[in-house]
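The values are calculated or read from the model by the stated rules, or taken from the named source; none is laboratory data. These numbers come from a predicted model, not from an experiment. All Cβ positions, glycine included, derive from the backbone under ideal geometry; neighbour counts span all protein chains shown.
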Ligand code: ADP
Ligand code: MG
C-alpha cells in the first residue's frame, strides 16, 4: 500500500480518539468552550448517560453566522494566532480540535447568536457533514446538542459503560467545573430530571454552601483554608484534616490557572506534606488551585489537556509542599482555623505558642535508638506540670482556660477528661503523647548534626548512567540526612556512610528508591521518611501506655504540651488525639432546652 493522505473525516475521528474518550469528555470540551466564551450560566442536559444526548446551553458571546462552519473545522480557533499567544494562553481551549472531533463521531446541532446579531443561526452536522444550515431562535449565546455519540464508530461505542456510570463521570466533571468557576451558575439534569444546581458563589456564605454542595458538608467542617503566596505563585483552596482521609484518592481536585489537571509532581508534593499525619494507604481530600503567570506553565502537553508542565518544577514542588506542610503543622488545639467540630469555640485566646522552650525537649542521642524512653514524659514534663498546677484549675475563670482546658479525670486508664470553656474535652492519652514525643524526636534529630557511621566495607551499587549522574550532581539529597554516596564509575556508585539511626535499614534499596524518585519527579523524601519511621516507632514505645495512672498535674502538662506541639491533632498513625463535646452537643444528648 502506498502512502496516501487520510480523508479529513477520518483525521477528525482519529483526533476524537484522543480527546473524546466518553460522554464526560464531550461535556468537558463543550463547557470549557462556554467558559472561554465568557458565559456565567451553563445548562447541561443529559439523556441516557450522554450516549443518547448531551445538550449544553450557555449565555456567552456566541459565534457569528459566518464563522459557524469554521468552528467545526480542524485547527480553527479564535483563541490563539501565534506561537507567542500559545506560550501565554489563558483560555481553556486553544487547539481547535474539540468541535470537529465531536462532530465527526455524533449527530450534532450547533445554534448560536453573537452579541451584536439580530438573530441566531443553526447548523446540523451528521458524522462531520453539514446537512442543514438555517435561521433559528436563540438568545445571545450558544447551544450545542450532541446526539448518538459514537454511532458511527461502533468499536468506541462498545466501550461505554452503563448509563449510570457514564452519568457519574459527567456529574464528577461538573462538580470540578463548579469548584474552579465559583461565579458561574451550573445546572445539570439527567433524563429530564434536575440533578444539580450550583448557584453562583458571590459571597463567603454562598462559597461555603457551594463547596458543601460539591464535596459534602463534612468536608467543609473537616477541612482548613489554604491561602499562600510567594515567588509569583499562589495556592488557595481547602485541604481536609488528616483524620478526614479516604481509602482512595478520588476526592482530590487540583487546578492550575483554572484548568483541572492531574499532575505527578503536584501529587507527590501533596503526599509528602501529609506523609507524617496520614495512615498508610489513606488519601487526603483537597481542592486547591495554583495560580501563576501563564508563561511559567506549558499547557500544550496533552491532547485532552489533563496535564501541564511547569517551567520551574522544583520551585512549584517545594512551594506546594511548604505551604501544605505549614498548614498541616499548625493544626493544633486552639488554632483558629480548626473546624468547629474539633475546635475550641471560645474566642480569641487561640494564639498558638511558638516552638516549645528548649528545656522541654528530651535530651536525645540519635545514635542510640535502643535507649529507654519510658521515663521521658515524667522527667521532661515536670516543669510544665508545675506551671499547670499554678494556674489552679478550680479558681481559674473558665473563659480564660487554655484551649484544651484543665484535666478533670482519667477514664479507664485510656482517656483524659478535661473541661474548657466550650465544654468537655476528651483526649486519647497514648495517641497524644506519641505525637508529642515524635515531634520532639524529630526536632532533636534535626538539631543535632545528623550522626553518621562509615560502613566498614562501602556498598557498591550498579545503577544506570543517568542515576549515577544524579548521585554525583545532587549530593545534598543524601548528605542532609547523613548519607555519603559517591559516583565511582559511569554506572557505579558507592555508599560510604549511613546515618546511625538507619543502620538497620536496607541502605541499598533506600538509595535505589531515592535515585528513581529523583529521576522521576526530581525530588525524594524517602530518606526523611525512613528516618521518621524509626523515630515514630521509638515515640510509640516511649509514650505513656494505656492503663497507666496519671496525676492531674501530669494530665494538665500533657494538655499544655499538645497545645504547643505541631500536628498534635493526630497521632503518628493519623488517628485523632482529641475531640471536643461542646455544651450544645451535651445538651442535645440530654434533650435539654427543647
Ligand atoms: P478551541 O476551544 O480549542 O478553540 P474548539 O474546537 O473547541 O476549539 O472550538 C472552536 C471555536 O469555536 C472556538 O475557538 C470558538 O471560537 C468557537 N466556539 C466553540 N464553542 C463556543 C461557544 N460555546 N461559544 C462561543 N464560541 C464557541
Ligand atoms: Mg474548545
Based on what the data block shows, is residue 34 under 27 Å from residue 166 (Cβ atoms) and more than 11 Å from ligand 1 (Cβ to nearest atom)?
no
For region 397-409, name all the residues that are surrounded by fewer than 20 Cβ atoms within 10 Å (Cβ to Cβ) and assigned to a strand (DSSP E or B).
408, 409
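Listed here are the residues, each with its yes/no results for (1) under 23 Å from residue 60 (Cα atoms); (2) more than 16 Å from ligand 2 (Cβ to nearest atom).
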| position | (1), (2) |
| --- | --- |
| 1 | no, yes |
| 26 | yes, no |
| 40 | yes, yes |
| 43 | yes, yes |
Output for region 147-173, where each listed residue is crowded, with 17+ Cβ neighbours inside 10 Å, part of a helix (DSSP H, G or I) and in contact with a helix residue (DSSP H, G or I) (Cβ under 7 Å, 6 or more places away or on another chain):
163, 166, 167, 169, 170, 173
Any chance region 292-307 includes a residue that's in contact with a strand residue (DSSP E or B) (Cβ under 9 Å, 6 or more places away or on another chain), at pLDDT 90 or above, part of a helix (DSSP H, G or I) and under 22 Å from residue 577 (Cα atoms)?
no
Taking region 437-466 as the region of interest, how many residues are in a helix (DSSP H, G or I), at pLDDT 90 or above and touching a helix residue (DSSP H, G or I) at 6+ places or on another chain (Cβ under 9 Å)?
1
Only one of these conditions is not met by residue 262: (1) in contact with a strand residue (DSSP E or B) (Cβ under 9 Å, 6 or more places away or on another chain); (2) within 19 Å of residue 522 (Cα to Cα); (3) modelled with pLDDT of 90 or more. Which number is it?
(3)
Does region 70-86 hold any residues that are within 15 Å of residue 121 (Cβ to Cβ) and surrounded by 15 or more Cβ atoms within 10 Å (Cβ to Cβ), and which are they?
71, 72
Considering (1) at negative phi; (2) crowded, with 16+ Cβ neighbours inside 10 Å; (3) touching a residue at least 60 places away in the same chain (Cβ under 8 Å), say which one residue 264 fails and leave the rest.
(2)
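I'd like to know if region 114-125 contains one or more residues that are within 15 Å of ligand 2 (Cβ to nearest atom), part of a loop (DSSP other than H, G, I, E, B), touching a helix residue (DSSP H, G or I) at 6+ places or on another chain (Cβ under 9 Å) and farther than 17 Å from residue 26 by Cβ. Explain how you work it out, then say what you get.
So in region 114-125, the residues within 15 Å of ligand 2 (Cβ to nearest atom) come out as none.
No, region 114-125 has no match at all.
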Has region 487-499 got any residue that is assigned to a helix (DSSP H, G or I) and out of contact with any strand residue (DSSP E or B) (no Cβ under 8 Å at 6 or more places or on another chain)?
no
What are the residues in region 229-281 that are in a loop (DSSP other than H, G, I, E, B) and over 21 Å from residue 318 (Cβ atoms), if any?
241, 245, 247, 248, 249, 250, 251, 258, 279, 280, 281
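Which of the residues that make up region 37-47 are free of Cβ contacts under 8 Å to residues at least 24 places away in the same chain and more than 10 Å from ligand 1 (Cβ to nearest atom)? Lay out the reasoning, then the answer.
Narrowing region 37-47 to residues free of Cβ contacts under 8 Å to residues at least 24 places away in the same chain: 38.
Answer for region 37-47, where residues must be free of Cβ contacts under 8 Å to residues at least 24 places away in the same chain and more than 10 Å from ligand 1 (Cβ to nearest atom): there is none.
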May I ask you to list the residues in region 68-117 that are free of Cβ contacts under 8 Å to residues at least 12 places away in the same chain and near ligand 1 (Cβ under 8 Å from one of its atoms)?
70, 78
With respect to residue 50, determine if the residue is more than 16 Å from ligand 1 (Cβ to nearest atom) and touching a residue at least 40 places away in the same chain (Cβ under 8 Å).
yes
